[in-house]
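Below is one structure; the comments refer to it alone.
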Amino acid sequence: MDQHQEPPEGALADRERAILALERRGFAGPGVKERAIREELGLAPVRYYQLLNALLDDPRALAHDPVTVNRLRRVREARRAER
C-alpha cells in the first residue's frame, strides 16, 4: 500500500500498525527502544509516545492487537494511579 494512500475504513494506517508492532517487542538495555523508534519509524521518541497514547484510546487499535493494547492500557493506568 502506498504510504500516502488512506487505509480502508476502520483499518489502521501502516505507521499505526508499526507502532503497535514495536510495542510487542522486548528491548534489552536503556536507549535500545528509542534508537529503534528513530531508525525504524523515523520519529522522535516524544512524538512516538504521543501517537502511542492516542492509539491506546482508538477502538481500531484494540481490534487489531487487543493483547498489546490492553497491556499498555494497564501500564498507563498504573502510572496514573501512582501520581
Go through (1) in a helix (DSSP H, G or I); (2) in contact (Cβ under 8 Å) with a residue 12 or more places away in the chain for Ala11 and report which single condition fails. (1)
Every pair of residues 6+ apart whose Cβ atoms lie under 9 Å, when the first sits in the range 14-38 and is farther than 12 Å from Tyr48 by Cα and without any contact (Cβ under 8 Å) to a residue 40 or more places away in the chain while the second is among the polar types (S, T, N, Q) and open to solvent by 30 Å² or more (accessible area, probe 1.4 Å): Asp14/Gln3
Out of (1) part of a helix (DSSP H, G or I); (2) at pLDDT below 95, the odd one out for Leu72 is which? (2)
Tell me the residue from Leu20, Leu51 that is assigned to a helix (DSSP H, G or I) and closer than 15 Å to Arg71 by Cα, please. Leu20
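The values are calculated or read from the model by the stated rules, or taken from the named source; none is laboratory data. What you are looking at is a predicted structure, and each value in this text was computed from that prediction instead of being measured. Because the Cβ atoms are built from the backbone with ideal geometry, glycine has one as well, and the counts that use them run over all protein chains shown. We work out accessible area using only protein heavy atoms, side chains counted, and drop any ligands, DNA or RNA first. Shrake-Rupley method; radii C 1.70, N 1.55, O 1.52, S 1.80 Å.
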